[in-house]
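Written out below as structure tokens is the structure these notes cover.
The values are calculated or read from the model by the stated rules, or taken from the named source; none is laboratory data. What you see is a predicted model, and the numbers here were worked out from it, not measured in a lab. Positions of Cβ are backbone-derived with ideal geometry, glycine not excepted, and every protein chain shown enters the neighbour counts. Side chains included, ligands, DNA and RNA excluded: accessible areas come from the protein's heavy atoms. Shrake-Rupley method; radii C 1.70, N 1.55, O 1.52, S 1.80 Å.
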Amino acid sequence: MKTVISSIAAHLPSKIVTNQELSEALDTSHDWIYSRTGIEKRHIVSDGEFASDLGIIAARKAIEQINFNPMDLDAIVVSTTTADRRFPSCSARIQGEIRATNAFAFDLGAACAGCIYGLAVADSLIKGSNVNNILLVCCETLSLFVDWTDRATCVLFGDGAGALLLQASEDDQRGIIATKLYTDGTKEKHDSILSHNGPQNNHRGYTTMLGRAVFKYAIEDMALSMLEILLENDMTIDDIDWIIPHQANRRILESLCKMKNFPLDKMIITTHEHANTSSASIPLAMQYGIDDNRIKRGDTILLTALGAGLVWGSAILRL
Ligand code: UT7
């Protein structure tokens, strides 16, 4: 039994904020942002628009483009750390809006690694229970959780959503080959390197980050998880057509390739277009690579991500 990806869709909010616009409001510049991160612009939600709104649009596209009946969904897994409300979950709202009322639905919080965690959970559900059709939605609105006067964080993030329809299949040539997940909560406790203050402080809270520490962990931990998953599956980087990493920062991705000898020309990079959209960045990048005709059906793809927790991991799949 394999878990295959039957449909992929993405959605970005229409409002765009360029580096130039940010530098008119803050003590920053396009050159600083672009040279440090590769980011040129970010899409952000408008007033009254939330993570589930983006997720609903991506979810509808994913099911409508293959004429899938939403009542045939068995489960909806939503990766988000920027949910509209503490409860009900984003997944419950998305389930109701797309009229998929035969599906159980829950949110999953693994920050920027949420897409890989979601794939691992969906794959386990398909292989270990009588669940056949799962919609994985990654929807994020970091723009609502940053302090727009803090130049050290607000320039880095954007909003967006992606949806993957995952189905049980007997087709051995396609599907999720492996997933590998890691967490190290001691790094957050000791260094508080990447966190969101949340309601503990009686307000919505802002994202804080020790950028240099995250930069270092991102390269080391993502690289190790990529090498381990390849080794455990008797594969090398030569067996991989495309690497789709979490899109935090172009410099992290370039350094990762340089230091660990991964081919940069196999990497899909979207930081210039989307900035860091947390768990939505991998499905958005997958869609981007499909739209520009690089990624094709049958390609073998290595995914990798790291986020607050710290949580990180990798996955290998054949499209
Ligand atoms: O999803 C995973 C989470 N995030 C990441 O993976 C991000 C990882 N880290 C990074 O990408 C980089 O560390 C950053 C892009 C966040 C920062 O780059 P950096 O080269 O590590 O800069 P820095 O934080 O050491 O700051 C250097 C200087 C500081 O000024 P002083 O103290 O040297 O005078 C900052 O105040 O740059 C200043 N600075 C800025 N200047 C202009 C910080 N933010 C800005 C800004 N514009 N937006």
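Distance from the Cα centroid of the stretch 264-304 to that of the stretch 109-135 is 19 Å (rounded to whole angstrom). Is the C-alpha gyration tensor of the stretch 231-305 telling us rounded, prolate or oblate? Criteria: a/c under 1.5 is rounded; beyond that, a/b larger than b/c is prolate, otherwise oblate. Oblate is the answer for the stretch 231-305, as a/c is 1.5 or above yet b/c matches or exceeds a/b.
Taken about its Cα centre, the chain carries a charge dipole of roughly 220 debye when the Cβ of each Lys and Arg holds +1 and the Cβ of each Asp and Glu holds -1.
Per-residue ellipticity at 222 nm computed for the chain from its helices equals -10000 deg cm²/dmol, with DSSP H segments shorter than 4 residues left out and the rest contributing -39,500 (n - 2.57). A probe of 1.4 angstrom, applied to the heavy atoms of all protein chains, finds residue 151 with accessible area near 130 square angstrom. Straight-line reach from residue 296: taking Cα to Cα under 18 Å and skipping same-chain neighbours fewer than 8 places apart, the lysines in range are 266.
Please compute, over every Cα-Cα pair in the stretch 175-318, the percentage with a separation greater than 25 angstrom. The share of Cα pairs beyond 25 Å in the stretch 175-318 comes to 28 percent. With N the number of residues in the stretch 2-169, Rg(Cα) / (2.2 N^0.38 Å) evaluates to 1.12. Bridging of residue 127 to aspartates and glutamates at a Cα separation below 14 Å is possible for 74, 170, 171, 172, once same-chain residues fewer than 8 apart are set aside. Partners of residue 180 within straight-line reach, counting aspartates and glutamates whose Cα lies under 15 Å from its Cα and excluding those fewer than 8 residues away in the same chain: 123, 221, 228, 232, 234.
Charges only on Cβ, +1 for Lys and Arg, -1 for Asp and Glu: so what's the dipole of the stretch 1-133 about the Cα centre, in debye to the nearest 20? Before the final figure, lay out each step's value.
Working: 12 positive and 15 negative charges, 86 e Å.
It works out to roughly 420 debye.
For the options 38, 118, 128, a Gaussian network treatment of the chain with springs between C-alpha atoms closer than 10 Å singles out 128 as fluctuating the most. Taking label positions 7 Å along the Cα-Cβ direction at both residue 233 and residue 260, the computed distance is 1.4 nm, reported to one decimal. Which one of 253, 177, 230 is farthest out on the positive end of the charge dipole of the stretch 175-318, using unit charges on Cβ (Lys, Arg +1; Asp, Glu -1) and the Cα centre as origin? Looking along the dipole axis, the top candidate is 253. Net length available on complete extension from residue 21 to residue 86 is 20.2 nm, with 0.36 nm assigned per residue and the Cα-Cα distance removed.
With the biggest extent put first, the Cα atoms of the chain measure 55, 44, 39 Å across the principal axes. When only alpha carbons are used to place a centre, the stretch 139-159 and the stretch 4-62 end up 10 Å from one another. Full extension of the segment from residue 293 to residue 64, taken as 0.36 nm per residue of separation minus the current Cα-Cα distance, would add 80.3 nm.
Heavy-atom accessible area for residue 50, with the other protein chains in place and a 1.4 Å probe, reaches approximately 70 Å².
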